[in-house]
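Nothing in this text is a laboratory measurement; each read-out follows from the coordinates by a stated rule. Since we're looking at a predicted model, the values are computed, not measured. In this analysis, Cβ positions are derived from the backbone assuming ideal geometry, glycine residues included, and neighbour counts consider all displayed protein chains.
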Amino acid sequence: MGKAYKTPSLLEVATDEKTSEDIKSFFSEAFYLVKQEAEITEFLQLHPYIISVLKAGTGSISAEFPETKPILKYLSGDEEGEEPYLMVFLPTSLDYKEAGNKLNNLDNIWWSEAFIQAKGKMNIDLEFQ
């Protein structure tokens, strides 16, 4: 016997449509260089609260790293027991100390609060060039 089909409620349909619109809007803003768009889209559908975390970070990231285009990657959580998550890499040619100071500033003005909101589903780091 096959699985019974469950008709989605109006709230579920409205939420799915809202999430899809939010994802389209997020991609159209093009602040982040997006790698693996299909995987990231699926991830954001499962964790739509991440969209607001990413959007909220744009001003703070631009203030600390105006020369960079952040790279958004999907990581599958290959380690045993590790769940998939998103990673924001900040490419920089700054020296290690200056880049580290800027990352600490970013932690203070945005990421320390955003980390809580991201519920462990996202992280941020430098990518030295």
P(r) over all Cα-Cα pairs of the chain, 5 Å bins from 0 to the longest distance, whole percent per bin, short to long, reads 2, 9, 18, 21, 18, 14, 9, 4, 2, 2, 1, 1, 0
Counting sequence-distant residues (5 or more places) and residues on other chains, those with an amide H built under 5 Å from that of GLN36 are none
The size of the Cβ-based charge dipole (Lys, Arg +1; Asp, Glu -1) of the chain about the Cα centre, to the nearest 20 debye, is 320 debye
Given the candidates LEU103, MET122, PRO91, the one whose Cα lies deepest towards the positive end of the charge dipole of segment 90-129, counting +1 at each Lys or Arg C-beta and -1 at each Asp or Glu C-beta, is MET122
Helix 49-64: inclination vs the chain longest Cα principal axis, degrees, rounded to 10, gives 10 degrees
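Please compute the length gained on full extension between ASN101 and ILE51, using 0.36 nm multiplied by the number of residues separating them and subtracting their Cα-Cα distance. Present the calculation step by step, with values, prior to reporting the outcome.
Details: separation 50, 0.36 × 50 = 18.00 nm, distance 2.61 nm.
Difference between extended and current length: 15.4 nm.
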Length-normalised contact order of the chain, Cα under 8 Å, at least 6 apart, in percent, tallies to 24 percent
The helix 96-106 Cα axis meets the longest alpha-carbon principal axis of the chain at an angle in degrees, between 0 and 90 and rounded to 10, of 50 degrees
Links exceeding 22 Å between C-alpha atoms in this model, out of LYS97/LYS119; LYS73/LYS97; LYS35/LYS121; LYS24/LYS73, come to LYS97/LYS119; LYS73/LYS97
In degrees rounded to 10, the 0-90 angle between helix 10-29 Cα long axis and the longest Cα principal axis of the chain is 30 degrees
Between GLU83 and SER62, Cβ-based FRET efficiency (R0 25 Å, step 0.05) works out to 0.30
